[in-house]
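Here's the structure, in structure tokens; my notes come after.
The values are calculated or read from the model by the stated rules, or taken from the named source; none is laboratory data. Note that the structure is predicted; figures quoted are calculated from it, not measured. Don't worry about glycine lacking a Cβ; one is built from the backbone with ideal geometry, like all the others, and counts go over all protein chains shown. For the accessible areas, the whole protein counts, side chains as well, though only heavy atoms, and no ligand, DNA or RNA atoms are used. Shrake-Rupley method; radii C 1.70, N 1.55, O 1.52, S 1.80 Å.
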Amino acid sequence: MDDVAQTIHAYDPSSEVRDAVEHWLAAFETALAARDKARIASLFHENCHWRDILAFTWDFSSARGCDDIAAGLAAGQADMKAHDFHLPEGRKPPRHVRRVGRDCIEAIFEFTTGIGGGDGIIRLSPANDGLKVWHLSTALEEIAGHPERIGANRPTGDAYSRNFGGKNWLDVRRAAVAYEDREPTVLVIGGAQAGLAIAARLNALGIDNLVVERWPRIGDSWRKRYHSLALHNSIHLNHLPYLHFPPTFPTYVPKDMLGNWFEFYADAMEINCWTDTEFVGGGWDETSKTWTARLKRGDGSERVVRPKHLVFANGVSSYPYVPDIPGLADFKGEVIHSEGFETGANWAGKRAFIIGTGSSANDIALDLHSFGVKTTLIQRGSTTVVSIDPSARLNEAVWDEGPPLEDCDLIVSSTTPALMVEGYRMATKVMLELDKEMIGGLKRIGFKFDVGEDETGHQMKYFRRGGGYNLDAGSSELMIRGELGLLHYETIERFTAEGALLKDGTTVPADLIVLATGYYGQSELVRRALGEEMVERIGPVWGLGDDGELNNMFRRTPQENLWFIAGALPHVRINSKYLALQIMATDLGLLGPR
């Protein structure tokens, strides 16, 4: 289990460990400066991994094997001229750890390139001729001359502080939000965690941006969801950039508390937001290198803005997906998609079907059951089921190691696609053991259970398809005990006015059908807003590409100045930094179109 959780086995503050790391970094810098592929390769195990985020490749990229890694580093060094590799003060010190089943020395280092400052991680383990690296990561953290405006580099406020007779802070903010005298450099579509994270990062870099949110208030995208919803992962890994949740918040943050925090965050971080505003369409002007974006305001008026960059921050999913279900139109009860479900209070004593067995379906089933609704889940396809605690918490192990959060994030982002698959496969084996009683009970009642296409569990399903799993909050036990019903979709002939007509001729009655059938991907949002030609040009959004990275996510797309950011709170906190740096690099002329 320790292998999978990737927890620290022993902290070794000895100078011997530090000396070994510094010796390797010095040898690496010398070999890299000479662009000597043979010498670079000699510092690595034959079977080794490298992940780079912008520092050498201006992309999210990976390589495997000492020769390929050496070639990639030598090629990138020609332009990047990396140097000054060193152990920084104030970061996690070099120490003995166990990562992905391997005992090693792990160290965080910093370095400088011709573009700016970078961070990285090395993991060393013994070889016949000394310590060699089996895992290296490098990441650009700052563009030279353009540091984030935080800490000692924070704004002075001289423009409005004690400005007697002139504009105060509120006057400046109102003018900034109005956009009456300028165009935003970046238009961010979506005001939940992804939109707020990238907006905060852009603000810190001094890049003017406007967030548009179709709901009346920031946070409504969470407030308007079902009544009992709370985050399924722990608070300590869910902070937004720069501003952590208060230490008084609960471990699993309820949806209304999260929505209120998002609204507060937008105000505190001085994010320019237009709520009750929908992006309804636009296009790219190749001549002016700007977008034409049509925004529909809540009062019915339309505003056209012309930003240089367009960032879709609407989440992994877009519009509710309703499959073609025979007979559903004949049903005389109420049919709602899970997106519109709020509470089961109005259905007490009634009968409900939920089509779907993912997390939302199961949470809604629990809500309905709590109000005395006779509830049956209808399973269409096999589902991965994982207990929230302890099993799902295994994926929080790196953050459980403790602060600083930035170091934990760097460790997480250092993982190559190959190591990610290996790690999740190991974690899934432990989850299956921890949850074996629950899984066995589900199988006994005929529940279709799987562990993913390559036994990597729910997390890789999330990256590949955005769903197909249930983080179990107690519904599985109710199904096993028969307090929640289970029907297989293939046993249903069709839906009728009264409910579901089964193939054996019996009818199962219902008063309510909840469609927990998922959502279209972001490509559908692009299709409706920018047209089919744009969808064909950029290709899929989310899901894993041939390189193992998320398609078109956090990185340049085939369409110039079109960007995407989505995912859970940790994903957007980590990757918003790299997306903001690419936008800045584009505007500085350092980074061209993909």
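Expressed as a whole percent, the accessible surface of the chain that belongs to carbon and sulfur atoms is 49, based on a 1.4 Å probe. Computed from the Cβ-Cβ distance with R0 of 22 Å, the FRET efficiency linking Ala75 to Leu590 stands at 0.80.
Calculated [222 nm] ellipticity per residue, helices only, for the chain: -9000 deg cm²/dmol; basis is -39500 (n - 2.57) per DSSP H run with n ≥ 4, divided by all residues, nearest 500.
Basic side chains Lys and Arg get +1 at the Cβ, acidic Asp and Glu get -1 at the Cβ, and with that the dipole of region 376-424 about its Cα centre reaches some 460 debye. So how tilted is helix 417-434 from the main axis of the chain? Cα-based, degrees 0 to 90, rounded to 10. In the chain, helix 417-434 runs at an angle near 50 degrees to the longest axis. Straight Cα distances below 18 angstrom link Lys81 to the lysines Lys37, with same-chain residues fewer than 8 positions distant left out. Exposure check, 1.4 Å probe, all protein chains in place: Arg294 carries approximately 90 Å² of accessible surface.
With 10 Å bins beginning at zero, the pair-distance distribution over Cα atoms of region 525-594 amounts to 19, 48, 32, 1 %.
Counting Lys and Arg as +1 and Asp and Glu as -1, each charge on the Cβ, what is the dipole of the chain about the Cα centre in debye, to the nearest 20?
With Lys and Arg at +1 and Asp and Glu at -1, about 860 debye.
Computed on the Cα atoms alone, the convex hull of the chain gives a volume of 174 cubic angstrom per residue.
Note on region 190-308: with charges restricted to the Cβ of Lys and Arg (+1) and Asp and Glu (-1), its dipole about the Cα centre is near 220 debye.
Averaged over its residues, the chain has an accessible area of 42 Å² per residue, based on protein heavy atoms and a 1.4 Å probe.
Give, as a single signed number, the net charge of other residues whose beta carbon lies under 10 Å from the beta carbon of Arg91, with Lys and Arg counted +1 and Asp and Glu -1. With Lys, Arg at +1 and Asp, Glu at -1, the neighbours total -4.
Across the chain, Cα pairs under 8 Å and at least six residues apart give a relative contact order of 15 percent.
Kirkwood-type hydrodynamic radius, region 206-360: 18.9 Å, calculated from all non-identical alpha-carbon pairs. Taking every alpha-carbon pair within region 273-365, the share separated by more than 22 Å comes to 54 percent. Rounded to 0.05, the FRET efficiency of the Arg39 and Thr287 pair, given R0 = 56 Å and the Cβ-Cβ distance, is 0.70.
The Cβ shell under 13 Å around Val186 holds other residues with a net charge of +1, Lys and Arg each +1, Asp and Glu each -1.
Between the residues Leu569, Val177, Asn233, the greatest Cα displacement towards the positive end of the dipole of the chain, with unit charges on the Cβ of Lys, Arg, Asp and Glu, is found for Val177. In the assembled protein chains, Ile538 presents an accessible area of approximately 10 Å² (probe radius 1.4 Å). Summarising the overall dimensions of region 62-171 from its C-alpha atoms, the Rg and Dmax are 20.8, 74 angstrom. Of all beta bridges DSSP finds with both residues in the chain, what is the antiparallel percent, to the nearest 5? Restricted to the chain, the bridges split so that about 60 percent are antiparallel. For Lys461, the aspartates and glutamates whose Cα falls under 13 Å of its own Cα, not counting residues fewer than eight places away in the same chain, are Asp450, Glu453.
Can you give me the Rg/Rh ratio for region 138-222, using Cα atoms for both radii and the Kirkwood formula for Rh?
Rounded to two decimals, Rg/Rh equals 1.01.
Of all lysines in the structure, the ones whose alpha carbon falls short of 20 Å from that of Lys374, not counting any fewer than 8 places away in one chain, are Lys332, Lys350. Principal-axis analysis of the Cα atoms of the chain puts helix 169-178 at an angle of about 70° to the longest axis. Of Thr112, Gly315, Ile354, which is farthest along the charge dipole of the chain in the positive direction, counting Lys and Arg as +1 and Asp and Glu as -1 at C-beta? Towards the positive end, the residue furthest out is Ile354.
Using only alpha carbons, region 378-502 has a radius of gyration to Kirkwood radius ratio (Rg to Rh) of 1.07. Residues in region 229-244 carry Karplus couplings, in order, of 5, 9, 4, 9, 10, 6, 5, 6, 10, 10, 5, 7, x, 6, 9, 7 Hz; the curve used is 6.51 cos²θ - 1.76 cosθ + 1.60 with θ = phi - 60°, and Gly or Pro positions show x. Considering only Ile538, Gly548, Tyr578, the residue lying farthest towards the positive end of the dipole of region 522-594 is Tyr578, judged by Cα position with unit charges set on Cβ.
Give me Rg over Rh for region 121-182, both radii from the alpha carbons and Rh done the Kirkwood way, two decimal places.
Taking Rg over the Kirkwood Rh, I get 1.42.
Averaging 1/r across all pairs of distinct Cα atoms in region 404-469 and inverting the result yields a Kirkwood radius of 13.3 Å.
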